[in-house]
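None of the figures in this text is laboratory data; all of them are computed from the coordinates on show. Since the structure is predicted, the reported quantities are computational estimates derived from the model, not experimental observations. Here Cβ is always computed from backbone atoms with ideal geometry, including for glycine, and neighbour counts include all displayed protein chains.
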């Protein structure tokens with residue numbers, strides 16, 4: 001279980017626990033990827049998720065996943081959770097992300113308006129084995145490297161450095177005071193400093209582009225989102241339709257149905273305020289809703305219900321865009337304990353607040369039956385508050401190494417906040433045994449992902465599933 005006051009051990013006891021775990025679960029054992037003849041069919045798993053999603057959007061999900069093995073991997077968190085359930089674990093639990101691939105890390109603006117680098121997707125978060133997050137991250141590095149055509153040696157180095165930085169960071173956090181761990185964060189200016197420090201032999205033009213990407217992230221805020229997604233019509237702001245990715249509610253449904261959804265979303269905004277701190281509720285109350293739209297987001301999330309809500313404060317030049325995204329049970333719940341939170345939106349929000357160094361001031365949750373008559377859980381946050389990411393499709397091998405290091409350090413910091421960081425550090429030790437084991441695991445999982453991607457492509461070709469590409 002996640003470390004609590006009742007389960008907390010003295011430092012020497014935690015260290016002994018971690019070292020003892022090596023005897024039953026050797027670090028080298030993590031290299032293995034069980035070959036289970038009864039392994040669930042990857043397409044069947046995807047179809048099982050489609051049952052609770054918006055039917056007309058599911059083909060977009062398949063179309064996006066077909067584009068490459070890495071895109072498939074991004075949408076196949078359930079399939080990997082099923083595979084990870086059969087792998088060895090040390091028994092030390094943390095608040096796990098559940099979907100810790102490299103594109104679920106990135107930049108965003110803290111409440112203090114500083115750009116920080118952190119985990120930024122928590123749809124699958126749940127207490128679970130720390131190893132599962134590290135293995136999903138390692139596999140994503142290997143798969144991204146394959147997509148870029150990197151050599152085996154180049155991919156291996158990137159995975160090795162990613163896992164090594166996780167291990168070394170965990171040792172660092174194990175020696176720190178608890179509050180120091182909680183306050184630790186990786187800010188954008190530190191990323192720039194580290195990139196410049198390893199710039200020898202790296203294309204200086206690429207380095208400048210990365211610095212420009214980081215600088216641009218600060219401009220990708222809520223105001224920029226409102227400017228991009230909306231326009232003024234007769235002095236009133238409204239969303240710009242971009243079907244099927246963005247569809248205004250007034251265009252999406254006929255009168256009676258639209259009125260019901262409008263009422264339900266208004267109730268969602270009003271109701272979710274109760275999950276905010278008192279000062280944030282006062283702030284939210286200064287805005288009023290002026291438009292609503294359905295939005296298609298991500299890869300794995302496509303088909304879950306996602307609404308964007310445009311509000312204004314003082315006037316039309318004072319916008320706020322909220323995203324209300326449906327939360328369903330974590331994929332980890334099929335293979336571990338159910339969530340302690342009855343509301344899946346609350347599960348997401350609590351997990352995010354535990355793992356992130358700082359979270360969106362408007363982050364909250366609510367359950368409603370008002371939208372379509374069915375009980376649905378949502379979490380709400382600002383849309384695109386200083387959000388920025390690194391384009392892995394353009395990365396060179398040295399760039400993937402540097403990015404993997406940032407992700408490894410950040411994941412260790414997130415795990416150290418909720419798990420027994422001393423026990424994990426003691427289990428990992430000072431050698432690279434675990435690191436090298438995960439290089440082997442990541443390559444094996446990359447090969448499995450390519451086969452699963454081929455299975456989806458065949459299923460579409462054979463008419464088993466329908467896919468809409470280019471969306």
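Separation of the range 161-181 from the range 228-272 is 45 Å, based on Cα centroids.
Largest first and in whole Å, the equivalent-ellipsoid semi-axes of the range 409-457 read 30, 15, 7, each the square root of five times a Cα gyration tensor eigenvalue. What share of Cα pairs, in percent, lie more than 20 angstrom apart in the range 222-382? Tail fraction, whole percent: 52. Extension gain for residue 375-residue 454 works out to 24.8 nm (0.36 nm per residue, less the C-alpha to C-alpha distance).
Only bridges whose two residues both fall in the range 222-382 count here: according to DSSP, what percent of them are antiparallel, nearest 5? Percent antiparallel among DSSP bridges in the range 222-382 is about 95. The chain gives an Rg/Rh value of 0.96, both radii derived from C-alpha positions and Rh following Kirkwood. Helical content alone sets the calculated 222 nm signal of the chain at -15000 deg cm²/dmol, taking -39,500 (n - 2.57) per DSSP H segment of four or more residues and averaging over every residue. Legend: P(r) of the range 150-189 from all alpha carbon pair distances, 10 Å bins from 0, whole percents, reading 25, 36, 27, 12, 1.
Annotation: peptides 90-99, 309-318, ranked by per-residue average of other Cβ atoms within 10 Å with the highest first, follow the order 90-99, 309-318. The listed peptides 11-19, 294-302, ordered by packing as a protection proxy, come out as 294-302, 11-19 (highest mean of other Cβ atoms within 10 Å first). At residue 38 and residue 340, where each label point lies 7 Å from the Cα along Cα→Cβ, what is the point-to-point distance in nanometres? Distance between the two pseudo-spin positions: 3.2 nm.
Alpha carbon centre of the range 31-90 versus the range 414-460: separation in Å? After rounding, the separation between the Cα centres reads 16 Å.
Across the alpha-carbon atoms of the range 233-324, the computed radius of gyration and Dmax are 13.7, 38 angstrom. Against the chain, whose longest principal axis is taken from its Cα atoms, helix 130-147 shows a tilt of about 80°.
Gain on full extension, evaluated as 0.36 nm per residue between residue 469 and residue 256 minus their Cα-Cα distance, stands at 73.5 nm.
The Cα-based radius of gyration of the range 96-163, divided by its Kirkwood radius, gives an Rg/Rh of 1.05. With viscosity 1.002 mPa s and temperature 20 °C, the Kirkwood radius over alpha carbon pairs of the range 39-117 converts through Stokes-Einstein to a diffusion coefficient of 141 µm²/s. Take each peptide in 323-330, 181-188, count the other Cβ atoms within 10 Å of every residue, and average; sorted highest first, the result is 323-330, 181-188.
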